[in-house]
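*Asks:* Questions regarding the structure given below will be posed in turn.
The values are calculated or read from the model by the stated rules, or taken from the named source; none is laboratory data. None of these values were measured; they are calculated from a predicted model. Neighbour counts are summed over all protein chains in view; Cβ atoms, including those assigned to glycine, are modelled from backbone coordinates with ideal geometry. Note: areas computed on protein heavy atoms with side chains; ligands, DNA, RNA excluded. Shrake-Rupley method; radii C 1.70, N 1.55, O 1.52, S 1.80 Å.
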Amino acid sequence: MTMETTAPEAEQADLAMLAQIEALMLALRQEAQPVSAQKLCKRLNVRMSTLLRCLAYLGEQDIAGQAGLGWVHSEQQGERLLLSLTATGLAACASW
């Protein structure tokens, strides 16, 4: 038995991801200093895996040969992952 995703299910998942990305960007825009990923997960009520999936699109790093948008800067400090908007990310938020 295989699990196939139908077009409406895929579209619904894409819309959910877009909503999470928008919520993440707006939450980061409200912060003057870098904020921990764990704190953002609690505030946005999302799992860390969901947040990291959003960062794959929004971050500055290449993942599997695909460049991120460069909107979110991430920095590891010990066990904490700190996130902040880049200048490009701030400009993107300003256009919303």
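*Asks:* Restrict the check to segment 59-80 and report whether at least one residue is in contact with a Ser or Thr (Cβ under 7 Å, 6 or more places away or on another chain), farther than 18 Å from GLN20 by Cα, in a strand (DSSP E or B) and touching a residue at least 40 places away in the same chain (Cβ under 8 Å).
*Replies:* Yes, there is a match, as at least one residue in segment 59-80 is in contact with a Ser or Thr (Cβ under 7 Å, 6 or more places away or on another chain), farther than 18 Å from GLN20 by Cα, in a strand (DSSP E or B) and touching a residue at least 40 places away in the same chain (Cβ under 8 Å).
*Asks:* Given the conditions (1) part of a helix (DSSP H, G or I); (2) closer than 19 Å to ASP14 by Cβ, and given that LEU40 satisfies all but one, which numbered condition is not satisfied?
*Replies:* Unmet condition: (2).
*Asks:* What are the residues in segment 27-42 that are loosely packed, with under 13 Cβ neighbours inside 10 Å and under 22 Å from TRP96 (Cα atoms), if any? Show your work before the answer.
*Replies:* The initial filter retains those residues of segment 27-42 that are loosely packed, with under 13 Cβ neighbours inside 10 Å, namely 30, 32-33, 42.
Within segment 27-42, GLN30, ALA32, GLN33 qualify.
*Asks:* Considering only segment 43-80, state which residues are touching a strand residue (DSSP E or B) at 6+ places or on another chain (Cβ under 6 Å) and either small (Gly, Ala, Ser) or surrounded by fewer than 15 Cβ atoms within 10 Å (Cβ to Cβ) (or both).
*Replies:* Within segment 43-80, ALA56, GLY59, GLY68, SER74, GLU75, ARG80 qualify.
*Asks:* Taking ALA13 as the residue in question, decide whether it is at pLDDT below 95 and open to solvent by less than 80 Å² (accessible area, probe 1.4 Å).
*Replies:* Working: at pLDDT below 95: yes; open to solvent by less than 80 Å² (accessible area, probe 1.4 Å): yes.
Here the answer is yes, as ALA13 does meet what is asked.
*Asks:* Filter segment 81-96 down to the residues that are loosely packed, with under 14 Cβ neighbours inside 10 Å and either among the hydrophobic types (A, V, I, L, M, F, W, C) or touching a residue at least 40 places away in the same chain (Cβ under 8 Å) (or both), then identify the one that is nearest to ALA23 (Cα to Cα).
*Replies:* Here the residue is TRP96.
*Asks:* Let me ask another. Out of all the residues in segment 46-58, which are of a type in the set (S, T, N, Q) and touching a residue at least 12 places away in the same chain (Cβ under 8 Å)?
*Replies:* If the condition is that a residue be of a type in the set (S, T, N, Q) and touching a residue at least 12 places away in the same chain (Cβ under 8 Å), then THR50 is the only one that fits.
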